[in-house]
Each structure stands twice: as C-alpha cells, then as structure tokens.
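What follows is a set of notes on a single structure, which appears directly below.
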Amino acid sequence: MISGIFAKYVILKIQIIIVMKNLYALIIAFSLLLAAPYKNFAQYSADDIQQYIAQYKDLAIQQMYEYKIPASITLAQGIFESACGTSRLAREGNNHFGIKCHKEWTGDTLLLDDDELQECFRKYLSVNESYEDHSLFLAKRPRYNALFSLDIMDYEGWAKGLKAAGYATNPQYADRLINLIKTYRIAQWDTLYQARLAQGYFNNPQPAVVENTPKPVVTPIVSQPATTSKPDKKHPAKHKKPAQSTHSGTPAHHNQTTPAKANSGNPEGNVKKPHQTSTAGETVILPTPEPMPQTTEVVYTETAQENLPTSITVFQATADDFPLYSEKYPFTDRPVYINNRTLFVLAQRGDTYATIAKDVQDKEKRIKKYNNVTGNTRLKTGQVVYIERKSKTGEKDYYTVKNMETLQYISQATAVDLQRICQYNHIDVKKTLKKGDIIKLKR
C-alpha cells in the first residue's frame, strides 16, 4: 500500500518537473524572440520584393554608373537588409543597408538591437541618401577594394566578396544575395545599365528620385497578351494572361517586346525611357509598356539551308524561321526565339559560346551543355544556340532523316534533349544515320 502511494508520488513529481522544464524552454524562446535582431523577423512577400525592385531599380542603376557597384547587388542588399523597406530601421531611419554608425558618422542615429543590444545605426533624411551612403561606404573602405577589381557583371563574385570582407555576420549572406538575384532576375538591371551606358544615357540621365514611403506601392500595368495556338507548359507567360508577377519574380510591367536590331532614335538603345507614376505621395519610375509581339504556332524548321544537311552540318536558322519569345528576356538585348518550348539565340558574326554566355549572364560551361558541345567549337552566323535546357520530348512524334544529318543536328533542330533521343531509339549518339531513317522524339 505504502509502496504504491510512493510510486504515484514519484511519477507525479517527474511529470511536474517535465512541465516546468517545458515552461522554462518556452519562456527562454520567447525572450530570445523579443531580443533577436529586428531584421531577421521582418516578414515580406514575393510581391513586396517585386515592388521594391520596381521602385528602386533606377536609383541602383544610377549608383552603378557613379560608383561601379552592380545594381543587382545594391538591390539585393536593400531587399535583404531592409526587408523590402518594411523594417523599423528602414521605416524610421530610411536606412536600407543596415549600416551602423561607426566613429566617423556625425549625422542622426537610431538605436536598435542587432548583434548586440541597442546598437547605433545611421539615420538618413531620405532613401536616396541611404543609397548614396551605401555606395560611399563600399568605395571608401580599403577592405572592400578587392570588389572593385571584379567584373562589374559578376554579381556572384561581389556577393561572396562582401561576405569575405565582413559586411555581414550571417554565414549564408552571400548565398542569400545570389539566390535573390537569380530568383527575381535582378541581374537584368545590370544589363540595362550597360545598354544605357553604350547609348549615352548618363550624359543626360532621367532623375532617379524616390520619395520616402513606409512601403512601396506600384500601380500594375496590363500588357497586351500574346496569342498562340498551343499551350506552353515551360513558359506559360507567353499565352493569354493579364500582366502579373511571374514564377520567376520578374515584374509583369517589364515584359516588353524583344528589342529591334537597329537603334531607331531611342536614346537608350532598345530600352524605352521610364515614365513616372505617383501613388500615395511617392514617385515610382516605370518603363513605358510596349505591345507584346503576336506569335504564331511553334513549328520547327528542319533546316534553314537550301542544301541537304550532312554529317558535319550545324543547325542554322534565320529570324523568320521561329517566333520571337513573347516577353523581353531579361538578361540580354539580343532577340530571343522559342523552339519546342525552349529559348535560344542566333549566333552573330564573331560569336563564341563565351560571348553568348556573357551576354545572357550565364556560364559558358552551362551554355555548351545545353547545346551538347565540348571544347572550343566555333560558331557559324545564324547557328542556333540554346540558352536553357532542351525539352524532353518533341512537338512531333518523330523526325525523318533528310540526308546524312547527325543525332546532334536533330537534337538542335527539334530542341529535344540529345540523350533522350538516344534513349527513345535505343541507339548510340555516334550512330551514322541514312536518308529515310525514322527517329523517335517521344517514348
């Protein structure tokens, strides 16, 4: 009897201890939450990121011109450090880059908890002032000198260099910036800077002034929808839809026609001058929308040459053989075409895979992989160069060999992955084909 009561007493005491430990853990967790750095818990959405980019991109491009800091890096840091302008430091101090006071700062300050309690941060009169001071902060400090020896288009190198130089204590800082830039295609504004620079835009620049606002608001612009007779699972934005945010995070009002080859009097080359829209007391600089090109049914052309292909023929095309991609491809001013749901460009005179890779802001190794080439293969004018992975299946069920073309040629002509073609037909990539052979493009 006594032993039973004692056992129950022990069990009850253990349960009380467990409950007290759990309660203590909750109290500690809540305390840490209250004392945690303000910026780590600021909540913002993909739409907030797009709106932030739309509002401050011209300011970042102007800083890129004046200080040679990639606009993509400036925007990504602004997004991450200010939580898209929603953090307390951004709202109360117009500080979008988390810059602390340091001994040389003589301006207004704001005390906030960060790595330590009640740290001193710089307070600015405007967001423009914050962007300017961020550029000066990097340009005048010796520990960031190595960054300015990097290619201005190398945003990955800049992101890693910022972390290595100690800009932030977050061990994932570089990866966070790089992922932001890739996910939301922010590097397109680096490309726009280059286009403006080449056309003399900065000799008479448009004002890049943004009024203070607690949270940017952008008036959506509906572009004209493109028409097509086939669904495009890989690039759904090219079909009839109102202009809205895409899965890649690119603002819908950036979708413009593919630029013409010649400059027709536009001071920025193929980029329209921005216009301003005022909402809730702020000035938002937006590009002038252009009508979307009308596309036709995607039908591949087996060869753009009059002569029948041989075992050494590469697949070439002309601008009339394939429809233009119905949105402005953000990483290049080249015309971008689509074949079997796969984007490509046409090689120009003197092009190499390296020049095309740089132009579309990708790696040469990856561009070569998309096109199943190795080594220093030379490009011919008009040669089709895919800038993304080819499709797994063809639009048609099979391809009929016209003469002596190779499987590599067929893969380029149909935009079907070369290894898939080999699998569907149970043949080796080096197999010699003859006229009349039927090559399956689907399982």
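The values are calculated or read from the model by the stated rules, or taken from the named source; none is laboratory data. All values reported here derive from a predicted model rather than from experimental measurement. FYI the Cβ positions are ideal-geometry reconstructions off the backbone, even for glycines, and counts take in every protein chain you see.
Confirm whether residue 415 is among the small types (Gly, Ala, Ser) and closer than 23 Å to residue 188 by Cβ. For residue 415, the condition - among the small types (Gly, Ala, Ser) and closer than 23 Å to residue 188 by Cβ - is not met. Of all the criteria given as (1) surrounded by 14 or more Cβ atoms within 10 Å (Cβ to Cβ); (2) over 21 Å from residue 191 (Cβ atoms), the one not satisfied by residue 79 is (2). Looking only at residues of the stretch 382-422 that are out of contact with any strand residue (DSSP E or B) (no Cβ under 8 Å at 6 or more places or on another chain) and of a type in the set (Ser, Thr, Tyr), we find that the one that is farthest from residue 309 (Cα to Cα) is 411.
Residue 106 satisfies every condition listed in (1) among the β-branched types (Val, Ile, Thr); (2) touching a Pro at 6+ places or on another chain (Cβ under 7 Å); (3) surrounded by fewer than 17 Cβ atoms within 10 Å (Cβ to Cβ) except (2).
Only a single item in (1) in contact (Cβ under 8 Å) with a residue 24 or more places away in the chain; (2) over 25 Å from residue 336 (Cα atoms) is not met by residue 392, and it is number (2). Within the stretch 337-372, being farther than 22 Å from residue 393 by Cβ and either in contact with a Pro (Cβ under 9 Å, 6 or more places away or on another chain) or not in a helix (DSSP H, G or I) (or both) holds for 345, 346, 347, 348, 349, 350, 351, 352, 360, 361, 362, 363. Between 405, 395, the distinction of being touching a helix residue (DSSP H, G or I) at 6+ places or on another chain (Cβ under 9 Å), under 19 Å from residue 429 (Cβ atoms) and acidic (Asp, Glu) belongs to 405 only. Across the stretch 395-406, the qualifying residues are those that are part of a loop (DSSP other than H, G, I, E, B) and touching a residue at least 40 places away in the same chain (Cβ under 8 Å), and the one among them that is surrounded by the most Cβ atoms within 10 Å (Cβ to Cβ) is 405. The one condition from (1) surrounded by fewer than 19 Cβ atoms within 10 Å (Cβ to Cβ); (2) touching a helix residue (DSSP H, G or I) at 6+ places or on another chain (Cβ under 7 Å); (3) more than 17 Å from residue 69 (Cα to Cα) that residue 179 does not meet is (2). For the stretch 372-386, a tally of residues being farther than 15 Å from residue 337 by Cα and crowded, with 18+ Cβ neighbours inside 10 Å returns 1. Picking from residues in the stretch 89-103 that are modelled with pLDDT of 90 or more and charged (D, E, K, R), the one that is surrounded by the most Cβ atoms within 10 Å (Cβ to Cβ) is 91. Taken over the stretch 316-353, the criterion of being modelled with pLDDT of 90 or more and of a type in the set (Val, Ile, Thr) is satisfied by 318, 336, 338, 342, 345, 352. Going by the conditions given, is residue 389 of a type in the set (Lys, Arg) and either part of a loop (DSSP other than H, G, I, E, B) or crowded, with 19+ Cβ neighbours inside 10 Å (or both)? In short, yes. Across the stretch 141-151, a minimum of one residue is classified as closer than 25 Å to residue 358 by Cα, free of Cβ contacts under 8 Å to residues at least 60 places away in the same chain and of a type in the set (D, E, K, R).
Each residue in the stretch 407-443 was checked for being polar (S, T, N, Q) and either surrounded by fewer than 22 Cβ atoms within 10 Å (Cβ to Cβ) or not assigned by TED's automatic domain parsing to the domain that holds residue 373 (or both), and 5 of them qualify.
If you go through the stretch 52-83 and keep only what is assigned to a helix (DSSP H, G or I) and among the aliphatic types (A, V, I, L, M), you end up with 53, 54, 59, 60, 61, 64, 71, 73, 75, 76, 79.
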